[in-house]
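The values are calculated or read from the model by the stated rules, or taken from the named source; none is laboratory data. What you are looking at is a predicted structure, and each value in this text was computed from that prediction instead of being measured. Here the Cβ positions follow ideal geometry from the backbone for every residue, glycine too, while neighbour counts run over all protein chains shown. The area values use the complete protein model at the heavy-atom level, side chains included, leaving out ligands, DNA and RNA. Shrake-Rupley method; radii C 1.70, N 1.55, O 1.52, S 1.80 Å.
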Amino acid sequence: MKKQTSLILALTLFVGAMIFSLFIGKYPLTLQQLLAGDSMQQTVFLTLRLPRTLIAGLGGFALGTAGFVFQTVFRNPLAAPDMIGVSSGASAGAAFAILFLPASAMSVTLSAFAGGLLAVLLALMLASLASGKDHGSIVLAGIAVHSIAQTVLMLLKLTADPEKQLASIEYWIMGSLNAITLRQIPFYCIVCILGLLGIFLLHRQILLLSVEESEARMLGVAVGKLRLLILILATLVVASVISLTGIISFIGLLAPHIARLITRDNRLSTLLLSGLFGGLLLTVSDILARSTAASELPVSVFTSLLGAPFLLYLIIKKSDNPSKLR
Amino acid sequence: MGNETQTQVPVLQAMHIEAGYGRRRVLTDVSFALEGGTLTALLGANGCGKTTLLKVLCRQLPYAGDCMLTGQALHTLSVRELARQISYIPQRTGIAISLPVLDVVLMGFNPVLGILEHPSKQQRQQALEALRTVGMDACAEQDYLTLSEGQKQLCILARAMIEHSVLLLLDEPESALDFPHRHAMMRLLCQMIEGTDKAALISLHDPSLALNYCRQILLLKDGVCIGSLRPDKNPLSDMQRVLSAIYGPVHLTAVGENGTRQLVMLPAENENGGYYAAHNPYFSARR
């Protein structure tokens, strides 16, 4: 079957890119030396390449999956994970840690994680005050929270020491898989995997949320509660990734569209494909980010570079009906 | 009507329903009963509150008055209970993403499935069966969004079939259908309802569909239920009078041979040559 072949192909490419990523970088690694027990090789492999590759793969997978969830729940093909404030909240959180917390990678990621969650919870709380309580009010509340977080970020930047702190804030926002260490990974991986598990288990419910609200309610869907649960799951997934990597653009928007282009529906295989393409995109972008120039480039440069032309292609190809999630 | 004694509890009993949007009251006093096995039409001019009444019955709008669904107060039901007992077919369905037709029909099983549960093989078979009944089984794997509006309606009707709910609410389901599909849909609804303990309330634009397929007709005018008709029992002259109160002067005739009786409603003639003449100079000039 076509769908199965594309799933197998995507999985192969995904795993292939990850293996490739393990052996690409400033320090040349070979399988023979690694297996022979070369200690330098093993250190580089375990402390640099493995965490980096893991997070590229898992992170991309998570962003792609979350993108599918946001687009479906908001019934909007342009919805992306940062729509309700995750990324701006995480940026403000990271900036706060860089300025005020004892300097360590751990404090920055934790603060970013907390900032992202806080922003989304604030948006959801504000939306619950609205009388309509539809997804439109969540989007509006998200926009409001986004601008609040941006303002906080701006104020933090103003007070930052321009030599060191401002630079590291900017660098964090640009996004990179450079600073990830093995020690940081477990907590975020567990949160991310648990969130993903929830999303895959609730796939049928996520599709029900794409039905117009009153109709969904007559199908027995407790729309408000279910949407809250699913948005929180998706936010946990995204926050756990971007608190490690910084902002990564386009993957959440792009991966689900590529998946739908192949399957032409929104069944479980499409959700899985969204994840696989997300992982593939981020892994490839990260390989390019650390191998094209003498110094490492922000990974978002490549996700955008790969993403923007594809988005244009989608717009041109689907111009007959761009509003539908085909 | 009203003081007939019922031997069984009606599927739905509404008493003095009041509802509206914000401060604007659309329904001021609506009382009626829907009995098992009866297909009931809801007729009224645009803006008289047909859709509002259906929204009240789906609990999408707050209301005052009493509404009993099979003897239970409507407002005490949980979302899932409500979904199990009432199926609602909106004017246009709001499915915004590509899904195979079969998956859209299978959504009808949601009220009886656990949150992590998936439809069983048997349920898939039932969904296909329902699609066959509405003549859409060939499209089971087609993308729902690529269907015509009429095909979508049939699909949602198939979804309502598998829900097996006791009350079916339809909001102008005929508006997107062509002539043969309108009649096919009404026939399907009759099959679904007649002789069962289910009831259906269907708001219609076309009075002739109501007169020829429905056992009961509720007439809504300016937010008040001004009466109910039984097309198979009431004399033509009575029905003509009540329908005229809603649609302006109309003329009702019965046609048919070999024992079939069909009702035709047209604007009444007046001395200038009929309703059209008053509005259409070409028509009157010809006369």
(request) Would you list the strands (runs of 3 or more DSSP E) that sit entirely within the range B:22-118 and hold 1 or more residues that are hydrophobic (A, V, I, L, M, F, W, C), more than 8 Å from chain A (Cβ to nearest Cβ) and within 30 Å of A:T72 (Cα to Cα)? (result) B:86-89
(message) Looking for something assigned to a helix (DSSP H, G or I), closer than 22 Å to A:I55 by Cβ, of a type in the set (V, I, T) and out of contact with any Cys (no Cβ under 7 Å at 6 or more places or on another chain) - is there at least one such residue anywhere in the range A:19-41?
(response) yes
(request) Identify all residues within the range B:224-247 that are open to solvent by less than 60 Å² (accessible area, probe 1.4 Å), under 16 Å from B:T40 (Cα atoms), in contact (Cβ under 8 Å) with a residue 12 or more places away in the chain and not in a helix (DSSP H, G or I); write none if there are none. (result) B:C225, B:G227, B:S228, B:L229, B:R230, B:P231
(request) Test B:A41 against the criterion of being at pLDDT 90 or above, closer than 30 Å to A:R264 by Cα and open to solvent by less than 10 Å² (accessible area, probe 1.4 Å), and give yes or no. (result) no
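Would it be correct to say that A:L219 is open to solvent by less than 20 Å² (accessible area, probe 1.4 Å) and at pLDDT 95 or above? Give the derivation first.
On the way: open to solvent by less than 20 Å² (accessible area, probe 1.4 Å): yes; at pLDDT 95 or above: no.
Criteria not met by A:L219.
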(message) Pairs please, first residue from the range A:59-85 and within 11 Å of A:A234 (Cβ to Cβ) and open to solvent by 20 Å² or more (accessible area, probe 1.4 Å), second anywhere and modelled with pLDDT of 95 or more and not in a helix (DSSP H, G or I), Cβ atoms under 6 Å, 6+ apart in sequence or on different chains.
(response) none
(request) List every residue pair whose Cβ atoms lie under 7 Å apart, where the two residues are 6 or more positions apart in sequence or sit on different chains, the first residue falls within the range A:194-211 and is at the interface with chain B (Cβ under 10 Å from one of its Cβ atoms) and without any contact (Cβ under 8 Å) to a residue 24 or more places away in the chain, and the second residue, located anywhere, is surrounded by fewer than 19 Cβ atoms within 10 Å (Cβ to Cβ) and outside any helix (DSSP H, G or I). (result) A:L201/B:L116; A:R204/B:H118; A:V211/B:G94
(request) Can you run down the residue pairs with Cβ atoms below 9 Å, 6 or more apart or on separate chains, where the first is in the range A:261-282 and under 25 Å from B:P119 (Cα atoms) and away from every other protein chain (no Cβ under 14 Å) and the partner is among the small types (G, A, S) and open to solvent by less than 10 Å² (accessible area, probe 1.4 Å)? (result) A:L272/A:A10; A:L272/A:A259; A:G275/A:G60; A:G275/A:A62; A:G275/A:G64; A:G275/A:A255; A:G275/A:A259
(request) Quick one: in the range A:212-240, of everything that is among the small types (G, A, S) and within 12 Å of B:G94 (Cα to Cα), which residue is nearest to the other protein chains (Cβ to nearest Cβ)? (result) A:S214
(request) Could you look through the range A:165-193, keep only residues that are β-branched (V, I, T) and open to solvent by less than 30 Å² (accessible area, probe 1.4 Å), and pick out the one that is nearest to the other protein chains (Cβ to nearest Cβ)? (result) A:V191
(message) Among the numbered criteria (1) free of Cβ contacts under 8 Å to residues at least 60 places away in the same chain; (2) open to solvent by less than 40 Å² (accessible area, probe 1.4 Å), which one does A:A90 miss?
(response) (1)
(request) Could you check how many residues of the range A:148-167 are without any contact (Cβ under 8 Å) to a residue 12 or more places away in the chain and hydroxyl-bearing (S, T, Y)? (result) 1
(message) Looking at the structure I just gave you, is B:P90 buried (at least 21 other Cβ atoms within 10 Å of the Cβ) and without any contact (Cβ under 8 Å) to a residue 24 or more places away in the chain?
(response) no
